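The values are calculated or read from the model by the stated rules, or taken from the named source; none is laboratory data. Everything numeric here is computed off the predicted structure, so don't read it as measured data. FYI the Cβ positions are ideal-geometry reconstructions off the backbone, even for glycines, and counts take in every protein chain you see. The protein model used for the area step is the full one, side chains on, heavy atoms only, and it has no ligands, DNA or RNA in it. Shrake-Rupley method; radii C 1.70, N 1.55, O 1.52, S 1.80 Å.
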Amino acid sequence: MRASNTDAALYYLARMVHAGEDPLFIARRMVIFASEDIGLAAPTALVVANSVFEAVHTIGYPEAQINLAHGVAYLSRCTKDRSAYHGYFAALADVEAHGNLPIPLELRNAPTKLMKNLGYSKGYEMYPQDKVLLPKKLKNRHYFSPKNRDLSEEKN
């Protein structure tokens, strides 16, 4: 599915089904693939993959083969975009490297008078434009980039 070659994807699906692979395992991998490899390029891919998983769970073999084939064909034809995937793991690397850095005061909820006096939520804007909302130590970090799509696997 990664290479967007539907014929190959259907063939390898048929091999797995013929060999007796658990249909829920195949469907589970489709759900993961929809977020990991297709991501923001086609957000409905996750809906389709979850629907395939639910159908396979409800129906089982032999009829679930049709649901799996539908899912494989759909997912293999989708444009791929791994920008959210790469962005998340870059952010996770910073969490692992720096721990839980302090959240900027303006982002903190201020349910008490003391918290308001300490500056919690001061200057908070509902939809800030071009404002750094990361901890100070990470103020120049950028995790998400549409340019970080990693489409090398899509060439076919």
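Before moving on, here are some points about what is shown:
- Acute angle (nearest 10 degrees) that the helix 64-77 long axis makes with the longest principal axis of the chain, alpha-carbon atoms: 60
- Karplus (6.51, -1.76, 1.60) ³J(HN,Hα), θ = phi - 60°, over the stretch 51-63, in Hz, Gly and Pro reported as x: 5, 5, 4, 5, 5, 4, 4, 6, 9, x, 6, x, 5
- Nearest 10 degrees, 0 to 90: helix 23-33 Cα axis against the chain principal axis: 40
- Spatial offset of the stretch 10-45 relative to the stretch 58-77 amounts to 9 Å, using the alpha carbon center of each.
- Ranking GLU96, GLU54 by solvent-accessible area of protein heavy atoms (1.4 Å probe, all protein chains present), from largest to smallest, gives GLU96, GLU54.
- Accessible area per residue (1.4 Å probe, heavy atoms of protein chains only) ranks VAL56, VAL31, VAL95 as VAL95, VAL31, VAL56, with the largest value leading.
- In terms of its C-alpha gyration tensor, the chain comes out prolate, because a/c is 1.5 or above and the ratio a/b outweighs b/c.
- Cα gyration tensor category, rounded, prolate or oblate, for the stretch 63-128 with a/c compared to 1.5: prolate
- The accessible-area ordering, largest first, of the residues LYS136, LYS80 stands as LYS136, LYS80, per a 1.4 angstrom probe.
- Percentage of interatomic Cα-Cα distances in the stretch 1-75 larger than 18 Å: 30
- Along the axis of the charge dipole computed for the chain (Cβ charges of +1 for Lys and Arg, -1 for Asp and Glu, origin at the Cα centre), the listed residues GLY99, PRO62, PHE25 are led at the positive end by GLY99.
- Taking the longest Cα principal axis of the chain as reference, the axis of helix 83-98 is set at about 50 degrees.
- Gyration tensor (alpha-carbon) shape descriptor, the stretch 90-145, a/c threshold 1.5: oblate
- For the stretch 100-108, 3J(HN,Hα) per residue [Karplus equation, 6.51 cos²θ - 1.76 cosθ + 1.60, θ = phi - 60°, Hz, x = Gly/Pro]: 8, 6, x, 6, x, 4, 5, 8, 7
- Net charge in the neighbourhood of PHE53 (other residues with Cβ under 14 Å of its Cβ; Lys, Arg +1, Asp, Glu -1) is 0.
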